[in-house]
Amino acid sequence: MKPRLRPAATILLLIFLAASIAAKPRPIPVRVVIVAMFEVGEDTGDQPGELQYWVERDHLDRVYPMPTAYHAVRMNGSGEMAVLTGQGTAHAAATIMAVGLDPRFDFSHAYWIVAGIAGGSPDRISLGSAAWARYVVDGDLAYEIDAREIPPGWSTGYIPLRKKQPFESPAEPLPGQVFALNSALAQWAFNLTRGVDISDSDKLKQIRSNFDGVLAQSPPSVILGDEVSSSTYWHGQLFDAWAAQWMPYFTGGNGVFATTAMEDTGTLQSLELLSHAGRVDLNRVLVLRTVSNYDRQPRGLSAAESLARQRIGAYAAYLPSLEAAYTVGHTVVNELLTHWPQYQANIPAAGP
């Protein structure tokens, strides 16, 4: 015979269980996540990286330690969070996975906005401009032959994995090599921000004058343009030509190469896996990159001479591109937060 609990013991057990349930905090609802990749020094008060303007201007004063990630996350009372991933795909993938699995936060309705600086092709985007991506293609998963041993007639020493020569058909991207973002959401973000004023300057005009083409010499603007993501920082006219082929090769001719960055396939891979676990909604992800430098040399310089000038904090449009990332990105953040009941329930898919 099983022993029966006395009434007093039953009451105490129920009180204990109720207290245990009440003591467990509910996850913090997150509405928007800004994903930044690098910071130069501190989060505030010094030379800015990609995180600092968001922290200072959006008052992200609530700091949550994140020992399993690259950096603590920061929030404000409006449900806006900023994540700093660290540079490269490995840092980005590990950090986003750690943040996405953290039980302190509820990301079920969160919008994720990658907002960082990038190299840009002068054939497709101007210095200081901002590009919303519909496709992000990995530029690291490949075979490579040293340039000094490329066979005659090859345009590049980069060969897609499982292929025998560059751009061999049919393209067969591996899992995690091509990310097709929610194009309707990207179009909505573009429509919302296409009229945002991005400051120009005499310095930017002078730098642009050293590159040929109408787009290269145009003032900063907001465009739809796609990204080749590679932890290898490549530079030069021939690599620019490679990327311009690599993008449409892997997207069936749909993607148009505009920017090059380092971390986003790592970020998107983790978000994709987190979506499989029901932690995030992959349809609520945006990628915004702003052009701090052109991805190839200007007239009168070799690729090596031009690359020697490319350093964080010293890019031709470093501060303007950081400003553009915040100004354009915050336009979307403000819209989402101001009308949160609408966007919590429904992902925007048309121009405002």
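Tabulated results
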quantity	calculated
Strands (runs of 3 or more DSSP E) wholly inside region 1-83 that include at least 1 residues being at pLDDT 95 or above and open to solvent by 100 Å² or more (accessible area, probe 1.4 Å)	62-64
Test for residue 173: is it within 13 Å of residue 246 (Cα to Cα), in contact with a helix residue (DSSP H, G or I) (Cβ under 6 Å, 6 or more places away or on another chain) and assigned to a loop (DSSP other than H, G, I, E, B)	yes
Residue check, residue 341 surrounded by fewer than 18 Cβ atoms within 10 Å (Cβ to Cβ), outside any loop (DSSP other than H, G, I, E, B) and modelled with pLDDT of 95 or more	yes
Residue in region 139-158 that is in a loop (DSSP other than H, G, I, E, B), surrounded by 24 or more Cβ atoms within 10 Å (Cβ to Cβ) and at pLDDT 95 or above present	yes
Lone qualifier among 280, 328 - being surrounded by 23 or more Cβ atoms within 10 Å (Cβ to Cβ) and part of a loop (DSSP other than H, G, I, E, B)	280
Some residue of region 223-240 being open to solvent by 30 Å² or more (accessible area, probe 1.4 Å) and under 20 Å from residue 198 (Cα atoms)	yes
Evaluation of residue 287 against (1) over 20 Å from residue 232 (Cα atoms); (2) in contact (Cβ under 8 Å) with a residue 12 or more places away in the chain; (3) under 17 Å from the mean Cα position of the chain (by Cα) (one fails), failing number	(1)
Some residue of region 262-274 being free of Cβ contacts under 8 Å to residues at least 12 places away in the same chain and either more than 27 Å from residue 96 (Cβ to Cβ) or in a loop (DSSP other than H, G, I, E, B) (or both)	no
Residue under evaluation residue 251, criteria (1) closer than 25 Å to residue 324 by Cα; (2) of a type in the set (Val, Ile, Thr); (3) in contact with a strand residue (DSSP E or B) (Cβ under 8 Å, 6 or more places away or on another chain); (4) surrounded by fewer than 23 Cβ atoms within 10 Å (Cβ to Cβ), criterion not met	(1)
Qualifying positions in region 289-309 - surrounded by fewer than 14 Cβ atoms within 10 Å (Cβ to Cβ) and among the polar types (S, T, N, Q)	302
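The values are calculated or read from the model by the stated rules, or taken from the named source; none is laboratory data. A quick note: this is a predicted structure, and the numbers were derived from the prediction, not measured. Ideal geometry is used to build each Cβ from the backbone, glycine not excepted, and the neighbour counts take in all protein chains shown. Remember, those area values only see protein heavy atoms, side chains included, never the ligands or the DNA or RNA. Shrake-Rupley method; radii C 1.70, N 1.55, O 1.52, S 1.80 Å.
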